[in-house]
């Protein structure tokens, strides 16, 4: 995923979150708000997966070999918390 697509996705998610704020202010039904929260969360998860798929190599490119194992382990641990 290119940086441009990542930014576009994040802007779309930002719009979703602003919409959620308005839904709460407008006292929309909880079910509607929860559906939109799940949609925003799913969109963030997609961006995370796409970013990891396409940018992980770059994240480790300049890591010295003796630090690589620890950095990979920390990254895996972080992704597993999703």
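The values are calculated or read from the model by the stated rules, or taken from the named source; none is laboratory data. Quantities reported herein were computed from a predicted structural model and do not represent experimental measurements. In this analysis, Cβ positions are derived from the backbone assuming ideal geometry, glycine residues included, and neighbour counts consider all displayed protein chains.
If I ask for residues that are over 21 Å from residue 6 (Cα atoms) and surrounded by 10 or more Cβ atoms within 10 Å (Cβ to Cβ), which ones from segment 55-75 would you list?
Listed by number, the residues that qualify are 63, 67, 68, 69, 70, 71, 72, 73, 74.
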key: Hits in segment 55-75 (condition: assigned to a helix (DSSP H, G or I), over 15 Å from the mean Cα position of the chain (by Cα) and closer than 27 Å to residue 9 by Cα)   = 57, 58, 59, 60, 71, 72, 74
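Being modelled with pLDDT under 85, out of contact with any strand residue (DSSP E or B) (no Cβ under 8 Å at 6 or more places or on another chain), assigned to a helix (DSSP H, G or I) and surrounded by 11 or more Cβ atoms within 10 Å (Cβ to Cβ) narrows it down to one residue among 52, 40; which is it? Break it down into steps so the answer makes sense when it comes.
Values: 40 fails: modelled with pLDDT under 85.
From the options 52, 40, the qualifying one is 52.
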ask   = Is there any pair with a first residue in segment 12-36 that is without any contact (Cβ under 8 Å) to a residue 12 or more places away in the chain and a second that is exposed (fewer than 11 other Cβ atoms within 10 Å of the Cβ) whose Cβ atoms are under 9 Å apart and which are 6 or more apart or on different chains, and what are they?
value = 28/22
In segment 20-37, the residues that are loosely packed, with under 14 Cβ neighbours inside 10 Å and part of a helix (DSSP H, G or I) = 21, 22, 24, 25, 30, 31, 32, 34, 35
